[in-house]
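All remarks here apply to the structure that follows.
Read-outs throughout are calculated quantities, based only on the coordinates presented, and are distinct from any laboratory measurement. Just so it is clear, the model here is predicted, and its values are computed rather than measured. Cβ coordinates were reconstructed from backbone atoms using ideal geometry, including for glycine residues, and neighbour counts include every protein chain displayed.
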Amino acid sequence: MSLTAIILAGGKSTRMGKDKAFIQWKGKSFIQHSIDAVIQLTDTILLSGDEQRLSRFRFEVVEDLEEGKGPVNGLASCFEKVKTEYALVLSCDVPQIAMQDLKYLMSEHSDNVDVTCYKYKGKSMPLIGVYNASAFPTFKNAIENGERKLFSVLGKLKVKSIEYKGVDGLMNINSPEDFKELV
């Protein structure tokens, strides 16, 4: 599978009150957990966020086309840089994800869908997914048309959701309360 990994780390972290990418859990920052999960799957890793915060990781940093406009903008910005057939998308606020989880997700992806993502406890998690290059123009069009809602953009694509079966659970850590559940 010709693959580029995209790690989304550009959010404002307003509910958390501090930069989620650099929160420590099990001796590593959230973003380092994400990097560790993808590094053995591909040599091509893009970090979505601002250069000043993320340059220390020595991967290409892709800044948003329009700052502060959410994950649709972050994805559209990164998709413009992707030269592979597929993009493995992972937000930095899901530190429990492991390489094996991503390998399984990739094995479940097929070319007859645009996106394959995890679902956990009935909730779709499109920021942990495999995206075909065929989906990239839909994100560019969304930005050009002012669409910023991820699920609206995904509604224009064929999406396959598979149940997450990992042992540690899978939750977005968006607030101090979420982090307490994780610890």
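Given +1 on the Cβ of Lys and Arg, -1 on the Cβ of Asp and Glu, and no further charges, what dipole in debye does segment 35-149 carry about its Cα centre, rounded to the nearest 20? Before the final figure, lay out the partial values.
Numbers: 13 positive and 18 negative charges, 72 e Å.
Dipole of segment 35-149, to the nearest 20 debye: 340 debye.
Note on segment 38-97: Kirkwood radius taken over Cα pairs, Stokes-Einstein applied at 25 °C and 0.890 mPa s, translational D equal to 199 µm² s⁻¹.
In square nanometres, what is the average projected area of the Cα convex hull of the chain? Display every interim value, and only then the final one.
Values: hull surface 38.6 nm².
So the mean shadow area of the Cα hull is 9.6 nm².
Would you compute, from DSSP H runs of 4+ residues alone, the mean residue ellipticity of the chain at 222 nm, taking -39500 (n - 2.57) per run and dividing by the full residue count, rounded to the nearest 500? Intermediate values should be presented prior to the final figure.
Values: 7 runs with 53 residues, N = 183.
For the chain, the value works out to -7500 deg cm²/dmol.
As a ratio to 2.2 N^0.38 Å, the alpha-carbon radius of gyration computed for segment 73-136 takes the value 1.09. When a/c reaches 1.5 or more, the comparison of a/b and b/c decides; with that in mind, is segment 2-48 rounded, prolate or oblate per its Cα gyration tensor? The shape class here is oblate.
May I ask you to derive the relative contact order of segment 3-182, considering only C-alpha pairs under 8 Å and at least 6 residues apart, and to give it as an integer percent? All intermediate terms of the calculation are to be shown ahead of the outcome.
Values: 324 pairs, mean separation 44.8, N = 180.
Taking the mean separation of contacting Cα pairs over the length of segment 3-182, I get 25 percent.
Taking R0 as 35 Å, what FRET efficiency do you get between S2 and E181 from their Cβ-Cβ distance, rounded to the nearest 0.05?
Working: r = 37 Å, r/R0 = 1.05.
For S2 and E181, the calculated efficiency is 0.40.
Modelled this way, with points 7 Å down the Cα-to-C-beta line, the labels at R58 and D111 are 3.6 nm from one another. What the Kirkwood sum gives for segment 87-183 is a hydrodynamic radius of 14.2 Å, with every pair of different alpha carbons counted.
Packing-based ranking of 111-119, 149-157 yields 111-119, 149-157, ordered from highest to lowest mean Cβ neighbour count within 10 Å.
At 0.36 nm per residue, minus the direct Cα-Cα distance, what do N174 and T84 gain on full extension? Give it in nm, one decimal, please.
Working: separation 90, 0.36 × 90 = 32.40 nm, distance 3.04 nm.
That works out to 29.4 nm of additional length.
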